[in-house]
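The values are calculated or read from the model by the stated rules, or taken from the named source; none is laboratory data. Quick caveat, the model's predicted, so the values are computed rather than measured. Cβ coordinates were reconstructed from backbone atoms using ideal geometry, including for glycine residues, and neighbour counts include every protein chain displayed.
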Amino acid sequence: MIKTRQKLESLRKTLRQHNYRYHVLDAPIISDGEYDRLLHELKAIEAEHPEWITPDSPSQRAGAPPASKFDKVPHPAPILSLANAFGAEDTRAWFERICKMDERVNEATFTVEPKLDGLTVVLHYRDGIFVQGATRGDGMIGEDITANLKTIKAIPLRIPIEKKEERGKKGQPSLFAENRPPNTEYRIPPHLVVRGEVFITHADFSALNKRQEEAGEKTYLNPRNTAAGALRQLDSRVTATRPLTLFIYQIVYAEGGEIPNSQWERLEYLRELGFPVNADSRHFDELEETIRFVDGWEDDRLELPYEADGIVIKIDDRTLADSLGITGKDPRGSIAYKFPSLEVTTTLNDIQVEVGRTGVLTPKAMLEPVEINGVIVRNATLHNFDFIAEKDIRIGDRVLVKRAGEVIPYIIASIAETRSGQERPVRPPSNCPACAEPVEKIPDEVAYYCVNTACPAQLIRNIEHFVSRTAMDIVGMGGKIVAQLVEAGLLGDVADLYTLQKEDLLALEGFKEKKATNLLTAIEESKKQPLERLLTGLGIRGVGESVARDLTLHFADLDALRAATQLDLENIEGIGPNIATAIVDWGLVAHNQQMLGKLHDAGLNPVAIVGVQHAAPLRWEGLTFVITGTLPTMSRKEAKEYILARGGKVTGSVSKKTDYLLAGEKAGSKLAKAEALGVKVIGEEGLEELESN
């Protein structure tokens, strides 16, 4: 009996450690299968000895039977909202107001934290045990959702968490402890109430919707509403199926114990207790420095793994902040610096069908013009006709549109509740809008295709792709000129570019001697491009820059590639059966064979670059880089190509998986995040050192 009890406690301790590493540190050391085996062993012991089950046992995170209703929970202190500032001037005005109230504010420092777009929760701990959790409600009284919150594995059921962690270790390093006096230890309050935000990460939300689609179920609109709906489920077993997590950022109430007065130190204190704390928080000594940081976040927030609609700026001295009081429902000692919305509603006026260079018919939304994040949006993507049918999007609908960074705006959903009855359903076209030939749909694919290889829309887009920067890079050959040459009957395929004569061009509107000469010179110069550029430009389905580069590591020229079998191609890492088939099939088409022959006759017989790519193609294999700021001599594109040529990988955002941040001037928040996560930061000279080592 004693040995069994000891085994029980050992399992609980081990599982708590693994929960902490997985959900808080994001650094698991065992597989999901191993974790499940340990949990099963724990449950087996508790099934034999139900009197040993405790509220903080890892087994108690599973869903409970449905509740009949949510009880009301009074909060021990008001759960306040925040006033908003829309830009630097609003923020300065807020600071000036509170400086007039208390001259000590002039010397204040600031803690800034991303404003998560999730659902506020309030967690109660007595003697270190999680006993109750509630929603914010009206700020004074919330709903008791304890059973649902227990399914969120990022919430510790006992504090301080039993963990073994070294300070500064990669995963979630201690960001705050350097500001705390050495050897400081705090006594845990018998009654501690903390506030946090429950949310779903972008990656988990995408995976959840994918599972919903595969199961034939309705998909969700956005992470925030999905998280909120999951927490209000009457059956916590449903909540347990949603990928919820949270960050804790406020101590609402503490009865006894020693709580730091600084907000920055409180975040460290909460982290030391085992709560998940956002590693993107920062501390600044003066307001202008704070504003510069916040301004830089407006674009960088798009790279965050979660939704954030602003930055919260807090007076770090909590006693001073509290003494400023509240106005209405907003504490004066904090302000929310809000970013422009990325989602808006507008009217879908019409749908235009575009023909891509591979013949795919893509529906394009024509919108009532609307401003999103400072940009007037008139068009948006609708993905495909299956998406339109699934979401029941109709012409005339009010629709929810999202724009993030440079990503093309896209429609998330229609708002059926606003319909008047005049809206029109959308039907896939039966004929190509460019050439009027019949449209085909391949079984098990969502795309509709125009299979007419002579379709003018495809021809123009194929040539545009061939002459683009990432392919043959023919300077001066823009989309309008391509369309002009095709309409004049001078181009029937990409090979015809190399037979153009000056008199052909001078006969066209807008062409003078100099323009014609420059264009022909650029076309001639493109013959010097390496094999990978030509392969990218040919437009073979699935063969982009990365795959083209992989192919040139194995085939020295076009003749060698054309002689390759399906099996030869599939044996190349990163090239699966679908791409291999696409390459082989493309080479079997008579039109393509004729085009390659014409290119060869025109003097295009490029070979793979033997220099850097073949001398050490795998030198940096397995290393992940992020590029930020302005480099001294290289553009970002050049730096990316330099890294890729040596086998490295370049991503857009810093994470714990990043090996190096290549940083130039005005590096911004990526630099701060890299330093927080312990990612090595190098400059342009650092690339040369890596190359020479």
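Here are a few things to note about the model shown:
Residue by residue, here is whether (1) of a type in the set (S, T, N, Q); (2) under 15 Å from ASN19 (Cβ atoms); (3) outside any strand (DSSP E or B); (4) in the same structural domain as SER236 (by TED's automatic domain parsing) holds:
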| site | (1), (2), (3), (4) |
| --- | --- |
| THR120 | yes, no, no, yes |
| TYR125 | no, no, no, yes |
| GLY133 | no, no, no, yes |
| GLY139 | no, no, yes, yes |
| GLU143 | no, no, no, yes |
| ALA147 | no, no, yes, yes |
| LYS153 | no, yes, yes, yes |
| PRO156 | no, yes, yes, yes |
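- Segment 270-350 holds strands (runs of 3 or more DSSP E) entirely within its bounds, and those carrying 3 or more residues that are out of contact with any Ser or Thr (no Cβ under 6 Å at 6 or more places or on another chain) and closer than 30 Å to LYS391 by Cα map to 308-315.
- Considering segment 609-639, the residues that are within 22 Å of GLY574 (Cβ to Cβ), surrounded by fewer than 17 Cβ atoms within 10 Å (Cβ to Cβ) and under 25 Å from the mean Cα position of the chain (by Cα) include one that is modelled with the lowest pLDDT, namely LYS637.
- The set of residues from segment 336-393 being surrounded by fewer than 19 Cβ atoms within 10 Å (Cβ to Cβ), under 26 Å from the mean Cα position of the chain (by Cα) and hydroxyl-bearing (Ser, Thr, Tyr) comprises SER341, THR345, THR362, THR381.
- Count of residues meeting criterion [over 31 Å from the mean Cα position of the chain (by Cα) and free of Cβ contacts under 8 Å to residues at least 12 places away in the same chain] in segment 278-327: 2
- Where a residue in segment 656-668 is in the same structural domain as ILE643 (by TED's automatic domain parsing) and its partner, wherever it lies, is of a type in the set (Asp, Glu) and in a loop (DSSP other than H, G, I, E, B), with Cβ under 9 Å and at least six apart: LYS656/ASP26
- Checked against (1) modelled with pLDDT of 90 or more; (2) not in a helix (DSSP H, G or I), ALA413 meets all criteria but (1).
- Here the condition is being at pLDDT below 85 and either surrounded by fewer than 15 Cβ atoms within 10 Å (Cβ to Cβ) or in contact with a helix residue (DSSP H, G or I) (Cβ under 7 Å, 6 or more places away or on another chain) (or both); of GLU464, GLU487, GLU406, it holds for GLU406 alone.
- A single entry from ALA471, ALA516, ALA495, ALA548 fulfils the requirement of being assigned to a loop (DSSP other than H, G, I, E, B), among the small types (Gly, Ala, Ser) and either buried (at least 17 other Cβ atoms within 10 Å of the Cβ) or under 35 Å from the mean Cα position of the chain (by Cα) (or both): ALA471.
- Verdict on VAL355 being over 30 Å from GLY539 (Cβ atoms), in contact (Cβ under 8 Å) with a residue 40 or more places away in the chain and not hydroxyl-bearing (Ser, Thr, Tyr): no
- In segment 498-513, residue surrounded by the most Cβ atoms within 10 Å (Cβ to Cβ) [restricted to those that are part of a helix (DSSP H, G or I) and free of Cβ contacts under 8 Å to residues at least 60 places away in the same chain]: LEU505
- The set of residues in segment 125-156 that are surrounded by fewer than 23 Cβ atoms within 10 Å (Cβ to Cβ), modelled with pLDDT of 90 or more and in contact with an Asp or Glu (Cβ under 7 Å, 6 or more places away or on another chain) comprises ILE129, PHE130, GLN132, ASP144.
- Qualifying positions in segment 561-605 - assigned to a helix (DSSP H, G or I), at pLDDT 80 or above and farther than 26 Å from TYR498 by Cα: GLN566, LEU567, ASP568, LEU569, GLU570, PRO577, ILE579, ALA580, THR581
Residues are listed down the side, and each one gets a yes or a no for (1) over 16 Å from ARG16 (Cα atoms); (2) surrounded by 12 or more Cβ atoms within 10 Å (Cβ to Cβ); (3) at pLDDT 85 or above; (4) assigned by TED's automatic domain parsing to the domain that holds THR245:
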site: ASP32; (1), (2), (3), (4): no, no, no, no
site: ASP36; (1), (2), (3), (4): no, no, no, no
site: HIS40; (1), (2), (3), (4): no, no, no, no
site: ILE45; (1), (2), (3), (4): yes, yes, yes, no
site: GLU48; (1), (2), (3), (4): yes, no, yes, no
site: TRP52; (1), (2), (3), (4): yes, yes, yes, no
site: ASP56; (1), (2), (3), (4): no, yes, no, no
site: PHE70; (1), (2), (3), (4): yes, yes, no, no
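- Among the residues of segment 644-652, some residue qualifies, meaning at least one is buried (at least 18 other Cβ atoms within 10 Å of the Cβ), over 22 Å from the mean Cα position of the chain (by Cα) and among the basic types (Lys, Arg).
- Any hit, segment 451-473, residues being farther than 20 Å from THR536 by Cβ and in contact with an Asp or Glu (Cβ under 6 Å, 6 or more places away or on another chain): yes
- Segment 303-333: number of residues that are surrounded by 17 or more Cβ atoms within 10 Å (Cβ to Cβ) and over 30 Å from LYS656 (Cα atoms): 8
- Screening segment 235-244 for residues that are within 22 Å of the chain's Cα centre (by Cα) and crowded, with 21+ Cβ neighbours inside 10 Å and picking the one that is modelled with the highest pLDDT gives LEU244.
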